[in-house]
1. For the chain, what is Rg from Cα atoms divided by 2.2 N^0.38 Å, rounded to two decimals?
2. Per residue, how much accessible area does the chain have with a 1.4 Å probe, in Å²?
3. In whole percent, how big is the carbon plus sulfur part of the accessible area of the chain, probe 1.4 Å, protein atoms only?
4. Tell me the GluC sites (Glu not before Pro) within the range 22-58 that lie in a loop according to DSSP and have at most 10 other beta-carbon atoms within 10 Å.
Amino acid sequence: VHAQGDTYQVVADVSQFKPPDIVVTTSNCHVTIQAEMVAEDGTVCDTFTHKCQLPEDTDPLSVSCALTEAGMLVITARRR
């Protein structure tokens, strides 16, 4: 978690996954990133999981995420 002015930012490289395969959830100032690549035969061939705790002064309603063209997932949250 990187502080940048009045926001916090988490960056994860998920370039090997397609956007529909990436799930981001938040709960009690925790952010979880999960991604799963499924082969054509239905087997899971790659997974990614990252969990981090946001600082206590994070506004939980301000958490947002964006996926860059390079496959970097950027999660941003404002400080209270």
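1. 1.18
2. 67 Å²
3. Exposed carbon and sulfur together represent 49 percent of the surface.
4. E40, E56
The values are calculated or read from the model by the stated rules, or taken from the named source; none is laboratory data. This one's a predicted model, so the numbers in the text were calculated from it and none came from an experiment. A quick note on method: Cβ atoms are made from the backbone with ideal geometry, for glycine too, and the neighbour counts reach across all protein chains shown. For the accessible areas, the whole protein counts, side chains as well, though only heavy atoms, and no ligand, DNA or RNA atoms are used. Shrake-Rupley method; radii C 1.70, N 1.55, O 1.52, S 1.80 Å.
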